[in-house]
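Visitor: Okay, handing you the structure first.
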Ligand SMILES: Cc1cc2nc3c(=O)[nH]c(=O)nc-3n(C[C@H](O)[C@H](O)[C@H](O)COP(=O)(O)OP(=O)(O)OC[C@H]3O[C@@H](n4cnc5c(N)ncnc54)[C@H](O)[C@@H]3O)c2cc1C
């Protein structure tokens, strides 16, 4: 979609590389590219692209898929770990990543110092991983809001526009429920759960959502 089409402040369609489509309701679920909404509507869209690194560490002994997903809130990186099959464990941090100036999902560098630092944290809880090696690594980009929770539902200033962005590293597990409530909101039906807490207005009124264990704990 190149442009959201508005008439008298209301959504009337979209302009795309495949042509123009008329529509009274448009759902934007654009991940790190949600900043387009600000360009199209002038409404501040508090989302930044933040690059995060994931490591697959290979230890001396097998962890099976019976290993639970493990969140270590006591570690400096608020690590999360899970089995990656065989002798590998997937490890990443729940802390802030590298903020990017523009939305970009190109791979970033993974310095060996960083691998050693995160590996040492993992080994503190999984001592056999003191001798672990790096099997693979990659980076991905989160769409982060000021409270690490998404903005969901209709934007009242732009009738016809329904948004879902800012999943801040935890949008995959929420997707079935989010898809359902967004469809309900787009059709003007009551939603299974109230969307008011996830409204954009919370940032203007300083009503940020806060979890018991801090921002990264939700990832
Ligand atoms: C390293 C990493 C680890 C993660 N770990 C977890 C986890 O453990 N648990 C979890 O629940 N979540 C996790 N996530 C987050 C999860 O992957 C994302 O929240 C989720 O995949 C985002 O889905 P989405 O549909 O919002 O965005 P996407 O799947 O990116 O879909 C957005 C789509 O919009 C399209 N788009 C954007 N702009 C336009 C436009 N103008 N016109 C047309 N199309 C457009 C894009 O091309 C894209 O296809 C992780 C993310 C990363 C990067």
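Visitor: Of the residues 111, 150, only one is within 30 Å of residue 63 (Cα to Cα) and free of Cβ contacts under 8 Å to residues at least 60 places away in the same chain; which? I'd like the intermediate steps shown before the answer.
Guide: Working: 150 fails: within 30 Å of residue 63 (Cα to Cα).
111 is the lone residue from the list that is within 30 Å of residue 63 (Cα to Cα) and free of Cβ contacts under 8 Å to residues at least 60 places away in the same chain.
Visitor: Hey, among 211, 179, which residue is within 16 Å of the ligand (Cβ to nearest atom) and in contact with a helix residue (DSSP H, G or I) (Cβ under 9 Å, 6 or more places away or on another chain)? Let's see the steps before the verdict.
Guide: Details: 179 fails: in contact with a helix residue (DSSP H, G or I) (Cβ under 9 Å, 6 or more places away or on another chain).
One residue alone meets the criteria, 211.
Visitor: Test residue 103 against the stated conditions and say whether it is within 16 Å of the ligand (Cβ to nearest atom), more than 14 Å from residue 54 (Cα to Cα) and touching a helix residue (DSSP H, G or I) at 6+ places or on another chain (Cβ under 8 Å).
Guide: yes
Visitor: Inside region 74-94, can you point out the residues that are assigned to a loop (DSSP other than H, G, I, E, B) and either touching a strand residue (DSSP E or B) at 6+ places or on another chain (Cβ under 9 Å) or at positive phi (or both)? Talk me through it step by step, then tell me what you get.
Guide: Restricting attention to region 74-94, the residues satisfying the condition of being assigned to a loop (DSSP other than H, G, I, E, B) are 74-78, 84-87, 93-94.
77, 78, 84, 85, 86, 87, 93, 94, listed by residue number.
Visitor: I'd like the residue in region 202-214 that is exposed (fewer than 12 other Cβ atoms within 10 Å of the Cβ) and closer than 18 Å to residue 154 by Cα and, out of all such residues, is modelled with the lowest pLDDT.
Guide: My answer is 205.
Visitor: Select from region 184-195 the residues that are in contact (Cβ under 8 Å) with a residue 24 or more places away in the chain and either outside the structural domain of residue 38 (by TED's automatic domain parsing) or in a helix (DSSP H, G or I) (or both) and list them in ascending order.
Guide: Scanning region 184-195 gives 185, 186.
Visitor: Could you please give the count of residues in region 105-118 that are in a helix (DSSP H, G or I) and within 17 Å of residue 35 (Cβ to Cβ)?
Guide: Going through region 105-118, the residues in a helix (DSSP H, G or I) turn out to be 112-118.
Still in the list and also within 17 Å of residue 35 (Cβ to Cβ): none.
Of the residues in that region, 0 qualify.
Visitor: Still on this model: Mind checking which residues of region 37-47 are surrounded by fewer than 19 Cβ atoms within 10 Å (Cβ to Cβ) and more than 14 Å from residue 155 (Cα to Cα)?
Guide: Across region 37-47, the qualifying residue is only 39.
Visitor: Tally the residues that are within 23 Å of residue 138 (Cβ to Cβ), touching a helix residue (DSSP H, G or I) at 6+ places or on another chain (Cβ under 7 Å) and either near the ligand (Cβ under 8 Å from one of its atoms) or part of a loop (DSSP other than H, G, I, E, B) (or both), restricting the search to region 30-52.
Guide: Qualifying residue count for the region: 2.
Visitor: Continuing with the same structure: Determine if region 142-150 includes at least one residue that is within 16 Å of the ligand (Cβ to nearest atom) and more than 11 Å from the chain's Cα centre (by Cα).
Guide: Within region 142-150, one or more residues are within 16 Å of the ligand (Cβ to nearest atom) and more than 11 Å from the chain's Cα centre (by Cα).
Visitor: Are any of the residues in region 8-23 within 12 Å of the ligand (Cβ to nearest atom) and either closer than 20 Å to residue 140 by Cβ or in a helix (DSSP H, G or I) (or both)?
Guide: no
Visitor: State whether one or more residues within region 71-90 are exposed (fewer than 13 other Cβ atoms within 10 Å of the Cβ) and at pLDDT 95 or above.
Guide: So far as region 71-90 goes, no, none of its residues is exposed (fewer than 13 other Cβ atoms within 10 Å of the Cβ) and at pLDDT 95 or above.
The values are calculated or read from the model by the stated rules, or taken from the named source; none is laboratory data. Please read all numbers here as calculations on a predicted model, not as lab measurements. Virtual Cβ from ideal backbone geometry, glycine too; neighbours counted across all protein chains shown.
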